[in-house]
Amino acid sequence: MTPPAGDRDPAHTPVRVLLCDDHAVVRAGLLALLSSAPGIEVIGEAGDGEEAVALAAALRPDVVLMDLQLGSGIDGIEATRRIAGLAVREAEREGECEGECDDGREAGRDVERDVAGRGAAGRGAAGRGAPGRGAPHVLVLTTYDTDADINRAIEAGATGYLLKAERPEELFSAIRAAAAGRSTLSAPVAHRVLAQMRSPRPGLTDRELDILGQLARGLSNREIARALFISEATVKTHLGRIYDKLGVDTRAGAVSVAKEQRLLP
């Protein structure tokens, strides 16, 4: 498959991809799949968010294929936010140095070379960083399609959001689009985004915020009812409305989104 015109330079430089998924079997499957796609080159693999951020800084791939749930450590949302901020942080460092940090830059390059050598699965291209590249584009590849996950990923700086149920050709196309800075959304994700734009959810009421605060403390429904002097049935009703407004279906998800949106003190 030939990359669409305008996606890459005239020499058709391959799109350099970094994989991030905490399941080794999934990474192996993606590696095998992407190896069959013309114009796409996997240059590294990461099994957690911290490793993905480090490798993205060291290797400067065009696209980071990012899962959202990554086990222990930072999740895919936070990893996306840090990767999206790489260009800004590099510019700030350049501005601070202005010719006074040559030794520090060389030491930093030594660290990056070490990270690249340890984390890129031994492939030759992975050991070579790409000085001068901007921040990599992050393409989320996940099984989660809740409104909360989609919103958080986009707000964190993700260029696209793809579901793992997509056909291989759709994944290849999304990777090439992401490398060119174009957004790609799976059809169900695009539908959810449009639905939110057409019918934005109402904000939380004061009572719902009270219950959310108690939820964040880890209290059970019965404990929340006692603390707020309401019935347990009323707590359940309010929780259902909170879940709907935040686009989640679990207590942990509600607390996570509430913290992300700064709804909690």
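By the rule of a C-alpha distance below 30 Å, with chain neighbours fewer than 8 residues away ignored, the lysines paired with K164 are K245, K259.
Within segment 230-263, which residues have the backbone N less than 11 Å from the label spot 7 Å out from R207 along Cα→beta-carbon, could you tell me? Hits in segment 230-263 for R207 at 11 Å: 230-231, 234-239.
Dipole of segment 12-84 computed with +1 at Lys/Arg Cβ and -1 at Asp/Glu Cβ about the Cα centre; of P14, G76, V64, farthest Cα towards the positive end is P14. With q set to 0.13, 0.14, 0.30 Å⁻¹, the log10 of I(q)/I(0) for segment 170-225, from the Debye formula over equal scatterers at the Cα positions, is -0.63, -0.66, -1.08.
Surface exposure of segment 130-265, expressed per residue as accessible area with a 1.4 Å probe, stands at 53 Å². The dipole here belongs to segment 149-234: it is taken about the Cα centre, uses +1 on the Cβ of Lys and Arg and -1 on the Cβ of Asp and Glu, and is about 140 debye. Taking a Cβ cut-off of under 10 Å around L141, the surrounding Lys, Arg, Asp and Glu residues balance to a net charge of -2, with basic ones at +1 and acidic ones at -1.
Spacing of the modelled spin labels on A195 and K259, each 7 Å from Cα toward Cβ, amounts to 2.7 nm.
The values are calculated or read from the model by the stated rules, or taken from the named source; none is laboratory data. Only a predicted model underlies this, so the values are computations on that prediction, with no experimental measurement involved. Methodologically, a virtual Cβ is constructed for each residue, glycine included, from the backbone with ideal geometry; neighbour enumeration extends over all protein chains shown. Keep in mind that these areas ignore ligands, DNA and RNA; they rest on the heavy atoms of the full protein, side chains included. Shrake-Rupley method; radii C 1.70, N 1.55, O 1.52, S 1.80 Å.
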